[in-house]
Amino acid sequence: MRFVLRRLGFFLVTLWAAITANFVIPRLMPGNPALAMMSRYRGHINPQALHALEIAFGVKTHQSLLSAYFTYLGNVFRGHLGISLTFFPDPVLHDVLQALPWTLALIGSTTILAFVLGTLIGLVGAWRRGGILDSVLPPIFVITSAFPYFWLAMLSIWLFSLKLGWLPQSGGYDIIDTPAWSWHFIHDAVVHSILPALTILVTSIGGWILTMRNNAISVLTEDYVRMARAKGLSPWRVMWTYAGRNAILPNLTGFAMSLGFVVSGAILVEFVFNYPGVGWMFLQSVENQDYALMQGLFLIIVLAVLTAILAADAATALLDPRTRDVR
Amino acid sequence: MSASSIGATDQLATPPIGPKPLVAEVGGGRLGDIWRAISRNRKAVAGLLLLLVFVVVSIFPGQIAPDDPTAQTYPPALGPSWHHLLGTTSLRQDIFSQLIFGTRLSLVIALAVGAIATVLAVLIGVSAAYLGGIADGILSLVTDVILVLPIFPLIIVITAYRKNSGLFMLIIVLGVLGWSYGARQLRSQALSLRTREFLESARVRGERRLYVILFEILPTMTSLIVATFLGSALYAVLAAAGLQFIGLGDPNSQSWGTMLYWAQSNEALFAGMPWWALAPGICLALLGAAFALLNYAFDEISSPALRVRKLERSRIPGRLPSPADTTPAVAPDRSVLKVEGLSVAYATDAGPVVAVDNVDLDVGRGEFLAIVGESGCGKSTLLYAIARLLGAPLPGEIIGGRVLFQGQDLVLLEERELRRVRWRDLSVVMQSAMNALNPVLTVAEQMRDACRAHSKMSKAEIEERSREVLRLVSIDPVHLHSYPHQLSGGMRQRAMIAMALLFTPDLVIMDEPTSALDVVAQRSLMVQIKELQERLGFAVIFVTHDMSLVSHFSDRLLVMYAGQVAELSSTRELFDRPRHPYSQGLLEAFPSIRGPKVRLLGIPGSPPDLAHPPAGCRFAPRCAHVQPRCTEGEVPLSTVNGSVVRCVLAEEGH
Ligand code: SF4
């Protein structure tokens with residue numbers, strides 16, 4: 001428990017760093033770029049909201065930097081992220097929450113699937129040293145994991161939707177549909193998510209396979225695995241509870257570190273597929289110079305990644321008694 | 001067998017045979033070695049060649065590309081033809097020429113970002129490790145924060161405020177944000193290096209810290225530094241292409257990412273210009289693959305465990321008769337184990353090495369046989385060959401001989417048949433319980449799975465039996481449900497012995513089970529093992545490098561040297577009248593100092609390289625009594641007064 005609490009503290013620090021980056025970056029830019037954005041708000045929103053935006057982006061406030069900073073922190077923690085220009089006059093928080101479920105469903109589930117599948121394949125590959133999973137696949141995955149996500153996304157649209165006509169080429173659902181919890185809509189959404197999901201799966205699974213394989217190979221040289229063999233346990237038990245359970249621990253740490261990489265790719269995949277999630281909206285806001293929305297989305301991405309990492313940490317604590325007893 | 005040497009090349013290092021030396025030297029190795037390893041690794045060669053092609057293209061784009069990439073003078077949207085290899089864009093440019101000219105920018109970004117990130121990673125990682133204390137705390141915190149922050153969205157946020165801000169800015173931002181993973185790894189490696197002996201000695205010599213870091217530490221971390229460079233270069237290629245693709249790069253620059261941006265915004269794939277979108281992506285993937293392959297190859301090179309080596313039996317000189325053509329497998333009643341002509345070889349890059357050479361031994365019921373020798377003499381390999389437990393980390397294959405146990409030859413048994421013998425009749429105790437007990441299972445769980453594998457005991461019976469064996473080794477059964485890390489070192493060791501006694505086997509094989517303990521604990525554990533042995537009647541094979549440890553406990557002693565039996569006789573006899581000069585040397589070494597780190601004072605020199613064993617007596621180079629006939633041919637074992645000795649002087653009662 002203490003382990004998880006300590007990690008929680010660390011994530012608060014990271015979150016604070018992200019919020020502070022949001023505050024500092026526009027102020028560091030020569031000729032405040034947010035100025036142009038602000039003029040587009042003027043006269044359209046109430047003075048109080050305008051003032052909050054001025055504080056957020058450092059546009060002609062008479063407050064000192066420090067007090068502006070604290071006002072900004074307070075606003076962020078109360079969920080006051082400003083008003084979106086792209087979807088005027090929606091509050092940023094509203095838009096963010098609208099995009100989030102799409103991304104969680106698509107990227108969340110594919111990432112978990114890729115991690116689980118990759119871990120299994122990596123373990124079996126290491127277990128059968130010299131087999132197909134061990135000798136042929138790793139070099140292939142080395143190469144596929146170097147593919148740019150967005151390019152693979154373009155390619156799969158071209159192949160599966162344009163040439164073969166199997167799957168829809170973009171969007172999260174048909175435009176004639178309206179989002180609802182109906183069977184028809186869910187089916188539609190699933191069909192739309194297959195191509196982007198496959199794209200993310202193909203590019204991200206290689207990394208998990210390779211790290212798990214390497215971990216498992218080094219765990220297989222451990223004395224406790226030899227001891228398990230000496231005890232005459234079934235190969236199945238040796239592979240799972242001795243080799244697998246120990247090899248997955250560093251892979252969970254690896255999960256934390258690679259997650260940022262996966263999320264970066266996923267943002268671009270959403271962009272290529274016009275998938276109505278956080279990544280697509282994020283790039284929309286960049287394009288429209290809608291900095292308030294952009295900042296809000298950046299924070300939610302950070303928050304999502306940190307939550308996933310915390311979940312990985314909790315899993316580590318569950319699987320590894322040593323982390324539970326730390327100090 | 002003939003012991004003629006195999007090759008002409010001389011290797012200085014002894015091959016790793018003992019339990020420890022095989023641990024991979026992660027990141028070790030100097031530049032020369034690394035270069036040799038690269039040229040032998042196919043993935044590395046492929047990656048290097050690929051990279052080389054891109055480098056050449058990026059230096060001479062004008063000579064290779066047929067057209068000016070910026071000229072907008074061709075018919076739009078042409079398909080591939082001789083004139084335009086990949087067709088033209090709807091903006092009337094030649095795609096192939098654009099591709100060639102785009103190489104330079106992608107490569108420059110990759111190399112520059114790689115360089116910046118690597119320098120930062122080294123600076124921050126190594127200084128964190130060397131400064132220690134608060135500085136380390138702060139640097140590590142910053143590293144970890146940047147590590148888990150999603151960097152790509154952050155870069156987008158930064159560049160969003162300054163669109164088209166140019167190449168320089170892009171490189172700086174990517175480089176400044178891309179160092180954290182490398183820094184973290186370099187820090188932990190530098191920390192582990194800090195305690196290494198050669199650095200200690202450098203410090204003792206009074207060399208300056210900076211000097212030590214630059215000339216002693218950094219070279220040993222070469223492969224990790226290279227890996228950091230390759231990793232961040234790969235990351236830079238993909239990230240920069242991504243940024244250019246979404247329009248955050250300079251739209252007028254010549255790069256693959258920019259090509260993709262224009263291709264996407266002109267719907268190239270839908271408008272019949274597939275190569276506009278395909279070709280730059282393929283190039284990006286190839287450049288990425290070049291870095292990824294090199295990175296992967298480096299991983300393999302720096303941790304040898306990742307490579308599979310095949311034992312080439314045909315290259316083993318003068319092999320022995322195969323097990324099939326000797327007498328039928330029937331063990332005499334009074335012995336539990338009979339080993340005949342057992343040989344083990346393992347594969348190295350330089351070819352096969354015979355680590356255990358034609359060893360015969362037998363163990364009687366309830367007997368305590370000790371096997372003694374320096375590390376690397378093959379004693380552990382012999383032990384695990386008997387138990388049929390070879391394989392990483394003790395690589396090796398049995399290449400001849402028999403292991404007769406309970407009337408069957410273990411060498412010939414399938415793994416499934418072996419499982420029936422394991423633990424019930426033959427159990428193993430290892431050197432360090434810390435490593436031999438599964439860290440994520442409680443002692444109880446580890447006892448339970450052994451019981452489940454070999455009996456139909458109920459849960460309650462298993463619990464009862466587990467408590468019973470713990471009491472046998474005087475551990476309070478309250479510790480049964482503890483995890484290994486919660487027990488003290490001595491207790492862990494005892495728990496492992498308890499586990500080996502679950503089924504009261506006929507034979508317990510022990511690999512230096514006391515060497516992890518201090519001298520006092522060692523003694524008391526030995527006494528306890530001996531007591532249990534006498535009470536329960538199991539036989540023991542006990543491997544140790546410390547002759548003094550077993551002097552009061554073993555019935556017989558087997559002295560091994562360079563993979564062969566040097567002498568085998570009763571403990572009494574061997575201590576009173578050692579016949580082999582090597583045994584004499586071991587005896588002279590021991591009475592003065594005790595403890596695990598005894599230098600063998602009596603014997604100058606070091607054991608031979610088993611890849612090229614000396615002709616004739618293997619001990620000859622170190623022997624004080626060496627004579628011409630010692631090196632003429634193989635020295636056979638001879639029996640003198642019940643002792644078996646491999647020395648030409650044996651019969652003269654030396
Ligand atoms: S055979 Fe010769 S060299 Fe070998 S131990 Fe005996 S005396 Fe020494």
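Quick check on the range A:256-269. Is at least one of its residues in contact with a His (Cβ under 8 Å, 6 or more places away or on another chain), free of Cβ contacts under 8 Å to residues at least 12 places away in the same chain and under 29 Å from A:Leu15 (Cα atoms)? Before the answer, list the steps.
Pass one, the range A:256-269, residues in contact with a His (Cβ under 8 Å, 6 or more places away or on another chain): none.
Scanning the range A:256-269 turns up no residue that is in contact with a His (Cβ under 8 Å, 6 or more places away or on another chain), free of Cβ contacts under 8 Å to residues at least 12 places away in the same chain and under 29 Å from A:Leu15 (Cα atoms).
Under 6 Å by Cβ, and 6 or more places apart or on different chains, what pairs join a residue from the range B:99-111 that is open to solvent by 60 Å² or more (accessible area, probe 1.4 Å) with one that is part of a helix (DSSP H, G or I)?
Every condition considered, the pairs that remain are B:Arg104/B:Ser58.
A:Val202: of a type outside the set (S, T, N, Q), closer than 23 Å to B:Tyr296 by Cβ and either more than 11 Å from chain B (Cβ to nearest Cβ) or assigned to a helix (DSSP H, G or I) (or both), yes or no?
Working: of a type outside the set (S, T, N, Q): yes; closer than 23 Å to B:Tyr296 by Cβ: yes; either more than 11 Å from chain B (Cβ to nearest Cβ) or assigned to a helix (DSSP H, G or I) (or both): yes.
Yes, satisfied.
Every residue, every condition in (1) more than 30 Å from B:Ala495 (Cβ to Cβ); (2) open to solvent by 50 Å² or more (accessible area, probe 1.4 Å); (3) modelled with pLDDT under 75; (4) within 11 Å of chain B (Cβ to nearest Cβ), yes or no:
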position	(1), (2), (3), (4)
A:Leu123	no, no, no, no
A:Ala126	no, no, no, yes
A:Val142	yes, no, no, yes
A:Pro148	yes, no, no, yes
A:Ile157	yes, no, no, yes
A:Gly171	yes, no, yes, no
A:Gly206	yes, no, no, yes
A:Asn214	yes, no, no, yes
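Determine which member of the set B:Val540, B:Val520, B:Val508 is aliphatic (A, V, I, L, M) and open to solvent by 30 Å² or more (accessible area, probe 1.4 Å). Can you show your working first?
On the way: B:Val540 fails: open to solvent by 30 Å² or more (accessible area, probe 1.4 Å); B:Val508 fails: open to solvent by 30 Å² or more (accessible area, probe 1.4 Å).
Being aliphatic (A, V, I, L, M) and open to solvent by 30 Å² or more (accessible area, probe 1.4 Å) holds for just one of B:Val540, B:Val520, B:Val508, which is B:Val520.
Looking for whichever is in a helix (DSSP H, G or I) and without any contact (Cβ under 8 Å) to a residue 24 or more places away in the chain here; the options are A:Thr316, A:Thr241, A:Thr323, A:Thr253. Which one fits? Explain how you work it out, then say what you get.
On the way: A:Thr316 fails: without any contact (Cβ under 8 Å) to a residue 24 or more places away in the chain; A:Thr323 fails: without any contact (Cβ under 8 Å) to a residue 24 or more places away in the chain; A:Thr253 fails: without any contact (Cβ under 8 Å) to a residue 24 or more places away in the chain.
One residue alone meets the criteria, A:Thr241.
Filter the range A:61-100 down to the residues that are within 25 Å of the chain's Cα centre (by Cα) and assigned to a loop (DSSP other than H, G, I, E, B) and list them by number. Give the steps one after another, and end with the answer.
As a first pass, look at the range A:61-100 and keep what is within 25 Å of the chain's Cα centre (by Cα): A:73, A:75-87, A:90-100.
Hits for the range A:61-100 are A:Arg78, A:Gly79, A:His80, A:Leu81, A:Gly82, A:Ser84, A:Leu85, A:Thr86, A:Phe87, A:Asp90.
All but one of (1) under 15 Å from A:Arg229 (Cα atoms); (2) under 27 Å from the mean Cα position of the chain (by Cα) hold for B:His485; state the number of the condition that does not hold.
Only one criterion is unmet by B:His485, namely (1).
If a residue has to be more than 8 Å from chain A (Cβ to nearest Cβ) and either surrounded by fewer than 18 Cβ atoms within 10 Å (Cβ to Cβ) or in contact with a helix residue (DSSP H, G or I) (Cβ under 7 Å, 6 or more places away or on another chain) (or both) to count, how many in the range B:411-429 make the cut? Step through it out loud before you land on a result.
Taking the range B:411-429 as the starting set, the residues that turn out to be more than 8 Å from chain A (Cβ to nearest Cβ) are B:411-414, B:416-417, B:425-426, B:429.
Of the ones still in play, those that are also either surrounded by fewer than 18 Cβ atoms within 10 Å (Cβ to Cβ) or in contact with a helix residue (DSSP H, G or I) (Cβ under 7 Å, 6 or more places away or on another chain) (or both) are B:411-414, B:416-417, B:429.
Of the residues in that region, 7 qualify.
Between a first residue in the range A:279-308 that is under 12 Å from A:Ser84 (Cα atoms) and more than 7 Å from chain B (Cβ to nearest Cβ) and a second residue that is open to solvent by less than 10 Å² (accessible area, probe 1.4 Å) and not in a helix (DSSP H, G or I), which pairs have beta carbons less than 9 Å apart while being 6 or more apart in sequence or on different chains?
A:Gln284/A:Asp290; A:Ser285/A:Ser84; A:Asp290/A:Ser84; A:Ala292/A:Ser84; A:Leu293/A:Ser84; A:Gly296/A:Ser84
Scan B:Leu286, B:Leu278, B:Leu269 and give me the residue that is more than 8 Å from every other protein chain (Cβ to nearest Cβ) and either under 21 Å from A:Thr203 (Cβ atoms) or within 46 Å of the chain's Cα centre (by Cα) (or both). Lay out the reasoning, then the answer.
Working: B:Leu278 fails: more than 8 Å from every other protein chain (Cβ to nearest Cβ); B:Leu269 fails: more than 8 Å from every other protein chain (Cβ to nearest Cβ).
Checking each option against the conditions leaves just B:Leu286.
Go through the range B:165-192 and give me each residue that's closer than 17 Å to A:Ile25 by Cβ and either facing chain A (nearest Cβ under 8 Å) or open to solvent by 10 Å² or more (accessible area, probe 1.4 Å) (or both).
If the condition is that a residue be closer than 17 Å to A:Ile25 by Cβ and either facing chain A (nearest Cβ under 8 Å) or open to solvent by 10 Å² or more (accessible area, probe 1.4 Å) (or both), then B:Ser165, B:Met169, B:Leu170, B:Ile172, B:Val173, B:Val176, B:Leu177 are the ones that fit.
Do we have A:Phe57 as modelled with pLDDT under 80 and within 14 Å of chain B (Cβ to nearest Cβ) here?
Numbers: modelled with pLDDT under 80: yes; within 14 Å of chain B (Cβ to nearest Cβ): yes.
For A:Phe57, the condition - modelled with pLDDT under 80 and within 14 Å of chain B (Cβ to nearest Cβ) - is met.
Kindly provide the set of residues from the range B:633-654 that are within 10 Å of the ligand (Cβ to nearest atom) and in contact with a Gly (Cβ under 8 Å, 6 or more places away or on another chain), ordered by number.
Once the filter is applied, which keeps residues that are within 10 Å of the ligand (Cβ to nearest atom) and in contact with a Gly (Cβ under 8 Å, 6 or more places away or on another chain), the range B:633-654 yields only B:Val635.
Which one is farthest from the ligand (Cβ to nearest atom) among residues in the range B:619-632 that are out of contact with any Phe, Trp or Tyr (no Cβ under 6 Å at 6 or more places or on another chain) and not in a helix (DSSP H, G or I)? Walk me through it before giving the result.
Looking only at the range B:619-632, we keep the residues that are out of contact with any Phe, Trp or Tyr (no Cβ under 6 Å at 6 or more places or on another chain), and these are B:620-632.
Now restrict to residues that are not in a helix (DSSP H, G or I): B:623-627, B:632.
Numbers: B:Cys623: 3, B:Ala624: 8, B:His625: 4, B:Val626: 4, B:Gln627: 6, B:Glu632: 10 Å.
That would be B:Glu632.
What number of residues within the range B:437-489 satisfy the criterion of being in contact (Cβ under 8 Å) with a residue 24 or more places away in the chain, open to solvent by 10 Å² or more (accessible area, probe 1.4 Å) and aliphatic (A, V, I, L, M)? Full working, then the answer.
Residues of the range B:437-489 that are in contact (Cβ under 8 Å) with a residue 24 or more places away in the chain, as a first pass: B:437-444, B:446-447, B:450-451, B:453-455, B:465-466, B:469-470, B:472-474, B:479-485, B:487, B:489.
From the residues that got through so far, the ones that are open to solvent by 10 Å² or more (accessible area, probe 1.4 Å) too are B:439, B:442, B:453-455, B:465, B:472, B:474, B:479, B:481-483, B:485, B:487, B:489.
Retained after the next criterion (residues that are aliphatic (A, V, I, L, M)): B:453, B:472, B:487.
Within the range B:437-489, residues that are in contact (Cβ under 8 Å) with a residue 24 or more places away in the chain, open to solvent by 10 Å² or more (accessible area, probe 1.4 Å) and aliphatic (A, V, I, L, M) number 3.
Tell me which of these B:Arg646 doesn't satisfy, since it passes every other one: (1) of a type outside the set (A, V, I, L, M); (2) in contact with a strand residue (DSSP E or B) (Cβ under 9 Å, 6 or more places away or on another chain); (3) surrounded by fewer than 17 Cβ atoms within 10 Å (Cβ to Cβ).
(3)
The values are calculated or read from the model by the stated rules, or taken from the named source; none is laboratory data. Quantities reported herein were computed from a predicted structural model and do not represent experimental measurements. Virtual Cβ from ideal backbone geometry, glycine too; neighbours counted across all protein chains shown. For accessibility, only protein heavy atoms count, side chains too; no ligands or nucleic acids. Shrake-Rupley method; radii C 1.70, N 1.55, O 1.52, S 1.80 Å.
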